[in-house]
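The values are calculated or read from the model by the stated rules, or taken from the named source; none is laboratory data. In this text, all values refer to a predicted model and were calculated from it rather than measured experimentally. Every residue, glycine as well, gets a Cβ built from its backbone with ideal geometry; the counts of neighbours run over all protein chains shown.
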Amino acid sequence: MNLSKHLLYSMYALTLIAFLFETTNSDIWLQNLLFNASNQTWLIDKYEEPYRFIFYLLPKYSIILLALSLIAFYVIACRRKYSKHFQKRLLVVIFSLMLVPSVIGGLKATTNGACPAQLELYGGDVPYVKAFELMPESFESTKKYKCFPAGHASGGFALMSLFFLFYRPKYQCIAIAFAVSTGWIMGSYKMAIGDHFLSHTLTTMTLSWLIICLIAAVVFRTLHFLNSKPNAKNSQQEPINGC
């Protein structure tokens, strides 16, 4: 697997997503399907159970538990002197589960993007503007909006890092399919309750893979350098297969 190419592909994908949603009203078209204008309600109420537990609380805390479990397992792997290659792969997953949601959360705090439910179109008080547009001068608000990109789904998409934990392409493909499905289930729920547009979730998915590839590149190259002998010959980095 060529990490440099995947980084480049991710940046191309982000550019394409930005162009698509800046030049079309795809977000509004899809969100209208999830909103009942007659009674001003979303497809799913934000606090309705068991949906909140199944699609919000359960995956969120399961991913946190997974991250903590992998940290504990990494400590055990180091003490029992497991394969260095395996330790590196495990580090990629651990760092990804921590950093992907953190970076996405940091972006949310700076982009000032409103949620669909906060917009005038859907009963709120915020005018609709696209990601790269400014709010109308007539609109005054001291509130900081934190809805772009999608934060909740970032935990699910961070699981794409499981790709690097496996050696066989078959299991790498299963890991990617599981992670993407989890991310979209989490993201679709947030769209159904009016918290995010489709563009928010697509951006998060692409950014997540970009961040994961950056983490993998740093981990593999840094630890390879640290573990290499100064005068070692024929030292090669571990090859990474792809599904």
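Brief remarks follow.
- Residue within the stretch 74-86 that is over 24 Å from Gln172 (Cα atoms) and either at pLDDT 95 or above or small (Gly, Ala, Ser) (or both) present: no
- Only one of Gly194, Gly156 that is in contact with a strand residue (DSSP E or B) (Cβ under 9 Å, 6 or more places away or on another chain) and buried (at least 23 other Cβ atoms within 10 Å of the Cβ): Gly194
- Selection from the stretch 90-110 of residues that are over 15 Å from Met205 (Cα atoms) and at pLDDT 95 or above: Leu90, Leu91, Val92, Val93, Ile94, Phe95, Met98, Gly106
- Checking every residue in the stretch 136-148 against the condition of being part of a loop (DSSP other than H, G, I, E, B) and on the phi > 0 side of the Ramachandran plot gives zero matches.
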